[in-house]
1. On average, how much accessible surface per residue is there in the chain, in Å², for a 1.4 Å probe, leaving out ligands, DNA and RNA?
2. Could you grab the Rg to Rh ratio for the range 1-91? Cα atoms only, Kirkwood for Rh.
3. Using the Cα centre of the chain as origin and beta-carbon charges of +1 (Lys, Arg) and -1 (Asp, Glu), tell me which of Leu88, Gly24, Tyr14 is placed farthest towards the positive end of the dipole.
4. Using a cut-off of 13 Å between beta-carbons, work out the net charge of the residues near Gly51 (Lys and Arg +1, Asp and Glu -1, Gly51 not included).
5. In the structure shown, do any of Lys59/Lys113; Lys37/Lys86; Lys33/Lys112 have a Cα-Cα gap over 24 Å, and if so which?
6. Roughly how many percent of the accessible protein surface of the chain is carbon and sulfur, given a 1.4 Å probe and a whole-percent answer?
7. Restricting attention to the alpha-carbon atoms of the range 69-118, what are Rg (one decimal) and Dmax (integer), both in Å?
8. Using θ = phi - 60° and the Karplus relation 6.51 cos²θ - 1.76 cosθ + 1.60, list the HN-Hα couplings for the range 91-102 in order, rounded to whole Hz, with x at every Gly or Pro.
Amino acid sequence: VDDEEIIRENLVDYFEDEGIEAVGYENGESALKELQKGYYHYAIVDLRLPGMDGNHFVKKAKEIDEELKFIIHTGSSDYMLPGDLKELGMSDRDVFFKPIIDMGILLNYIRKKTSDFN
């Protein structure tokens, strides 16, 4: 979930090139609607989104699918994971700062966190 089209498309293209089905959404509201229709393993979420921000999206998405895992992908270098997201099982290791120079680091992190991509 990222409102910047180029970032969203780059993430989707990268994961598809790695054989992982991926979809992108430009805001939290549209992503939540789709989440209700299907099953997803991971959500990579920007913080600054139009409408609902990334932190709020994570909380709402977790209500829909408690098994969904999250990565915060932000350009805010001073971002600190709030306590309510930590209570949902997230940790500081789930935060990646833009730009990610080596996308393999993100892919390997996801693969280590879930066997669904192995």
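1. Working: 6930 Å² over 118 residues.
Spelled out: the 1.4 Å probe surface of the chain, per residue, equals 59 Å².
2. Details: Rg = 12.5 Å, Rh = 13.4 Å.
Result for the range 1-91 is an Rg/Rh of 0.94.
3. Leu88
4. Details: positive: Lys33, Arg48, Lys60; negative: Asp3, Glu26, Glu29, Asp46, Asp53.
Charge balance in the 13 Å sphere: -2.
5. The pairs that break the limit, which is 24 Å between Cα atoms, are Lys37/Lys86; Lys33/Lys112.
6. Working: 3240 of 6930 Å².
Summing carbon and sulfur atoms, their accessible area is 47 percent of the total for the chain.
7. 11.6, 33
8. 9, 4, 5, 8, 10, 10, 9, 6, x, 8, 6, 10
The values are calculated or read from the model by the stated rules, or taken from the named source; none is laboratory data. Everything numeric in this text was worked out from a predicted model, so none of it was measured. Because the Cβ atoms are built from the backbone with ideal geometry, glycine has one as well, and the counts that use them run over all protein chains shown. The accessibility values were calculated without ligands, DNA or RNA, using every heavy atom of the protein model including side chains. Shrake-Rupley method; radii C 1.70, N 1.55, O 1.52, S 1.80 Å.
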